[in-house]
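Here the structure is laid out as structure tokens; the discussion comes afterwards.
The values are calculated or read from the model by the stated rules, or taken from the named source; none is laboratory data. Predicted model, so just to flag it, every value in this text is computed and none were measured. Positions of Cβ are backbone-derived with ideal geometry, glycine not excepted, and every protein chain shown enters the neighbour counts. Keep in mind that these areas ignore ligands, DNA and RNA; they rest on the heavy atoms of the full protein, side chains included. Shrake-Rupley method; radii C 1.70, N 1.55, O 1.52, S 1.80 Å.
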Amino acid sequence: MAKVLITGMSGTGKSSALHALAGRGHRTVDTDTGEWSRWTTLPDGTRDWIWREDAMTALLSAPAPGHLFVAGCRSNQGAFYPGFDAVVLLSAPADVLLARVAARTGNPYGKTERERAAILEHLESVEPLLRATATAELDATAPLETVTRQLEELAEAAVVGR
């Protein structure tokens, strides 16, 4: 079955989509935990939250029934694209992203001015890179039910397209 990466900026609804997909019986992995990601120090001294290579390789190489939906946005995710059948970018305007991160309760990221500024900077610098490498882009301002159905349709199309 299909392995689909759901990527995008903070506030696009990746976690909400995963929750809805899990509710429909799909296998889902949110990579924003220590099980799937780790901190690393870059040559310039800054820190980056990247995918654990061993964990992601094992996840993507293990045969399992049903579609697998993985959510995340990491600087090293491109190295894993060959293991995915589809890479789906969820996108939304800046005002929507900022409103969502301000209102969410399950994730503290985006509550400080510094984090909100980082979201806007990533929207300008990172999202175009994601768009250039995605196999599909979905409008994350659509109702969650619509986004969930579209993700399922993309997974089905990926299986048929093999």
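For this structure, a couple of remarks:
- Neighbours by Cβ (under 8 Å, 6+ apart or cross-chain): first from the range 127-138, under 13 Å from residue 77 (Cβ atoms); second part of a helix (DSSP H, G or I) and open to solvent by less than 90 Å² (accessible area, probe 1.4 Å): 133/78; 133/81
- Only one of the listed residues (90, 120) is in contact (Cβ under 8 Å) with a residue 40 or more places away in the chain, under 27 Å from residue 46 (Cα atoms) and aliphatic (A, V, I, L, M). That residue is 90.
- With respect to the conditions (1) in a helix (DSSP H, G or I); (2) closer than 25 Å to residue 25 by Cβ; (3) open to solvent by 20 Å² or more (accessible area, probe 1.4 Å), residue 56 lacks only one, and its number is (3).
- Residue match in the range 74-92 (condition: at pLDDT 95 or above, among the hydrophobic types (A, V, I, L, M, F, W, C) and more than 20 Å from residue 2 (Cα to Cα)): yes
- Lone unmet requirement of (1) open to solvent by 60 Å² or more (accessible area, probe 1.4 Å); (2) within 16 Å of residue 7 (Cβ to Cβ); (3) in contact with a strand residue (DSSP E or B) (Cβ under 7 Å, 6 or more places away or on another chain) for residue 38: (2)
- Residue check for residue 155: touching a Phe, Trp or Tyr at 6+ places or on another chain (Cβ under 9 Å), surrounded by fewer than 20 Cβ atoms within 10 Å (Cβ to Cβ), among the aliphatic types (A, V, I, L, M) and assigned to a helix (DSSP H, G or I): no
- Within the range 43-53, restricting attention to residues that are of a type outside the set (D, E, K, R) and in a strand (DSSP E or B), the residue that is surrounded by the fewest Cβ atoms within 10 Å (Cβ to Cβ) is 49.
- Taken together, the residues in the range 8-41 that are over 20 Å from residue 58 (Cα atoms), part of a loop (DSSP other than H, G, I, E, B) and touching a residue at least 60 places away in the same chain (Cβ under 8 Å) amount to 7.
- Considered as a group, the residues in the range 127-146 that are under 16 Å from residue 11 (Cα atoms) and part of a helix (DSSP H, G or I) include one that is most open to solvent (accessible area, probe 1.4 Å), and that residue is 144.
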